[in-house]
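Worksheet for the structure shown next.
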Amino acid sequence: MTDTPQQAMTERELTRRKVVVAGGATVAAAGLAVGLGTNAFAGDKSADAPKGTPTGVPTDACYVLTTETTEGPYYIDADKIRQDITEDEEGIPLTLKLKVIDAETCRPVRNAAVDIWHCSALGVYSGYEGMGNGGGGAPPSGDPSATPTDVPTGPPPSGGPGGGGGGHQEPTDDERYLRGTWRTDRHGHVTFRTVFPGWYRGRCVHIHVKVHVDGTWTDAGYEGGHACHTGQLFFDEESVLASAEVEPYSTNTATRTTLDEDTIYPDNGAVGGLLHLRYDKRHIARGVHAQLTMGVAPDETHDSTDTQPGASASASAS
């Protein structure tokens, strides 16, 4: 049947409306992009692909191992199974979404236990409040002369929960804010709610992360298995400078180490733990979304003995 002129006009009008609506959606999306941090999400694909990834190649097939870095002395074995680790800590809301994949097979690592822990906006670690900012007590005078290693001043770390790599500092209190463990889903995803970390002398802004596999989830939490990845997650300077204008970060008087100055950050972008961030550059206090895909080797063990950027030696299981 041939369309009447009125029907043809109606169809043209509907088509035009669809174009207008689609165009409006595009404009709206562009408007939302204005003011976002320059390190905004590029999706969970190409944003994490190493340099040189061919166009059109599935990026999950092109990941390399995420760099192992030092665990630091303030790890406390998983005793808080939770996604929201904020408790009553003040700071810019941070949603952290991680994806864990097997770097060899490119498949999601399911049911892994992911630990994260970091300092408060003022640079204090829970469990170690008695040691002050960054766990190091009063900051030393003068310019730092030694390579920062995330190890505090004062007595050497003693053996403690978690095992090798020189042991851990004994906790000074029972606080556990900004620490938690959660389970990856069938896609390898895990999401935490926390606050944007602060800083302390000798280190740039960072979050510690550990991935455990081959263990068992029970009513009591996660038992057994081994750590196949121990690393740190980093923030670009633009976001850190923006956070420093917001209370309580603006009251943190500790000397800040930049990302370029930090000797733990391996300077290799997302592969080294540099997070992809999304936030309103005009109002970072409203919140930050961070994401990263981490390529791990589930059959290997990487605990706290991998103290140098890029290290790949295996360590005994904790």
For segment 241-255, indicate whether the set of residues that are among the charged types (D, E, K, R) and surrounded by 13 or more Cβ atoms within 10 Å (Cβ to Cβ) is non-empty.
no
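Please give the strands (runs of 3 or more DSSP E) falling wholly within segment 213-312 in which 2 or more residues are in contact with a Leu (Cβ under 9 Å, 6 or more places away or on another chain) and either over 19 Å from THR70 (Cα atoms) or modelled with pLDDT of 95 or more (or both). Even if it seems obvious, please write down each step before you answer.
Details: elements: 216-218, 221-223, 226-234, 276-278, 288-296.
Answer list for segment 213-312: 226-234, 276-278, 288-296.
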Pull out all pairs, ordered by first then second residue, where Cβ-Cβ is under 6 Å, the residues are six or more apart or on different chains, the first lies in segment 173-188 and is within 12 Å of ASP115 (Cβ to Cβ), and the second is open to solvent by 30 Å² or more (accessible area, probe 1.4 Å) and not in a loop (DSSP other than H, G, I, E, B).
THR181/ILE81
What is the one condition in (1) crowded, with 17+ Cβ neighbours inside 10 Å; (2) at pLDDT 95 or above; (3) part of a loop (DSSP other than H, G, I, E, B) that HIS187 does not satisfy?
(1)
Among the residues of segment 192-221, the number that are within 17 Å of ILE81 (Cβ to Cβ) and open to solvent by 40 Å² or more (accessible area, probe 1.4 Å) is 6
I'm told GLY37 meets every condition in (1) open to solvent by less than 20 Å² (accessible area, probe 1.4 Å); (2) closer than 30 Å to GLU247 by Cα; (3) at pLDDT 50 or above; (4) not acidic (Asp, Glu) except one. Can you identify the failing condition by its number?
(3)
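The values are calculated or read from the model by the stated rules, or taken from the named source; none is laboratory data. Note that the coordinates shown come from a computational prediction; the quantities given were computed from them, not determined experimentally. Virtual Cβ from ideal backbone geometry, glycine too; neighbours counted across all protein chains shown. Surface areas here come from the heavy atoms of the whole protein model, side chains and all, with no ligands, DNA or RNA. Shrake-Rupley method; radii C 1.70, N 1.55, O 1.52, S 1.80 Å.
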